[in-house]
Amino acid sequence: MPVFPPGDAIRDLSLLLMGGVVLYSILMSALLYRDWYNNQYRKVVDIQFAWATFLLGMAFNRGAFIFSDFYFVVEPYSILFTKLGYVGLILALSAFFFAVELILPYNTRNAFSITGIIHAIFAIIFPENWLDGVAVSIALVTLAGVMLFLNYTMKNTSGNVRESIKTILAGFLIGYLGFVFSSDIVYNVLGMGPYLIGEAALVIGLAIFGFGAIYSPALGELDWRSQLVEIYVMQHGGLLVYHCEFERTGDLDQVLTAAGMSGVQSLFQEITQSDLGLNVVSVGKFEILFSHSTSFTSVLITKAPYNILVDKIEEFTNTFEIMFGAIIQNFEGNLSEFSSAKELVDSVFL
């Protein structure tokens, strides 16, 4: 990294940008940790926790580089802080990869997290002139891992959740390019201009990423498939149209269950003098999500009322209406007319 003389305007600008990266990273990390802690469904290995850890590693990385480039510019302190910066970020990336590999359906055998730990060891034992190679290598691993994760989440989300993932993706790509352009290699080849542009892009990318991550309902909900229990489709009046189990729940009579849920909904409509149906009902360890069409109601029973599941049941209801709306209006109890609905369930929920 460049060493700046005291009082230089470029030095002040660079220090301001690097300080901005540290500030934004710490702020967003704290907010994500807070949201994770306040989530009743939080897990130790959670993508929200992992992103927060990654951002904390970024703050440690740029903070250490500030010390090595602006204050402790002579050996052995310069190389000590440089190595601390690399090790802190790489270990945070390893923690992030560990969480991601538990979520992704691919059999990676923890290749990304193990590779991260190996790079951290390299950063400790390698001489200073080899650190650029370590940086390039871990940057490529990071790009592959994060893009694999974001590609998976884009394919398995919808509605507002997918839009927030797009924002996160845009922020990551801008920040990643900023990280690359503010590296030693680019500075040595292209000089100060691209280096400062890279630092500015890193700040902008973090800000965009933070906006998407903090306001996204997706980060704590990527295990939504494991929350699915069963789905009912009921004609207005309580007649069962379609039922599908995602996991075994017992030997309850599906027809009576559908009629019971319809009756409960009608009772509450009567009590509240409302024409609108139920939205979300909590019963013990289960959450019951309702979605209403002109001729039927879809009911998704889950273990958690995730926003992504609310979007999923709405998507299912809208498509079911297109496929079977006319049949439901003249439905007389022949469930075989809806046999193809299994394909719709698979496309939306599996």
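In this model, which of Lys303/Lys342; Lys43/Lys83; Lys155/Lys342; Lys166/Lys312; Lys43/Lys303 are farther than 25 Å apart at the alpha-carbon? As for pairs spanning more than 25 Å Cα to Cα, those are Lys43/Lys83. Here the translational diffusion coefficient of the chain follows from Stokes-Einstein with Rh set to the Kirkwood radius across Cα pairs; for 10 °C and 1.306 mPa s it amounts to 69 µm²/s. Each peptide among 205-211, 180-186, 103-109 gets the average number of other Cβ atoms lying within 10 Å of its residues, and from highest to lowest they stand as 205-211, 180-186, 103-109.
The helix-based estimate of mean residue ellipticity at 222 nm for the chain, built from -39,500 (n - 2.57) per DSSP H run of four or more residues and divided by its residue count, is -22000 deg cm²/dmol to the nearest 500.
Residue exposure proxy: Trp51, Trp36, ordered by other Cβ atoms within 10 angstrom of their Cβ from fewest to most, comes out as Trp36, Trp51. Database remark: amide H of Tyr306 closer than 5 angstrom to no amide H (H placed geometrically; neighbours at sequence offset of 5 or more, or on other chains; Pro and chain starts carry no H). Which whole-number percent gives the relative contact order of segment 21-151, counting Cα pairs below 8 Å spaced six or more residues apart? Relative contact order comes out at 21 percent. Rounded to the nearest Hz, the phi-derived 3J(HN,Hα) couplings of segment 20-37 under the Karplus curve 6.51 cos²θ - 1.76 cosθ + 1.60 (θ = phi - 60°) are x, 4, 4, 5, 4, 5, 5, 4, 5, 4, 4, 5, 5, 4, 5, 4, 5, 5, where x marks glycine and proline. Our summary gives the chain a relative contact order of 13 percent, counting only alpha carbon pairs under 8 angstrom and 6 or more residues apart.
When the Cα positions of Tyr86, Leu55, Tyr232 are compared along the charge dipole of the chain, Tyr86 comes out farthest toward the positive end, with charges on each C-beta of Lys, Arg, Asp and Glu.
Relative protection proxy for 12-19, 81-88, 335-342, from highest mean packing down: 81-88, 12-19, 335-342 (other beta-carbon atoms within 10 angstrom). Each residue of segment 325-332 is assigned a 3J(HN,Hα), and the resulting list reads x, 5, 5, 5, 4, 10, 6, 10 Hz, derived from the Karplus form 6.51 cos²θ - 1.76 cosθ + 1.60 (θ = phi - 60°), x at Gly and Pro. Cα convex hull, segment 9-214: 116 Å³ per residue, rounded to a whole number. About the centre of its Cα atoms, the chain shows a dipole size close to 760 debye [charges on the beta carbon of Lys, Arg (+1) and Asp, Glu (-1) only; nearest 20 debye].
Only the coordinates and a few stated rules stand behind these numbers; no lab work does. Predicted model, so just to flag it, every value in this text is computed and none were measured. Quick reminder, even Gly has a Cβ in these numbers, built from the backbone with ideal geometry, and neighbours come from all protein chains shown.
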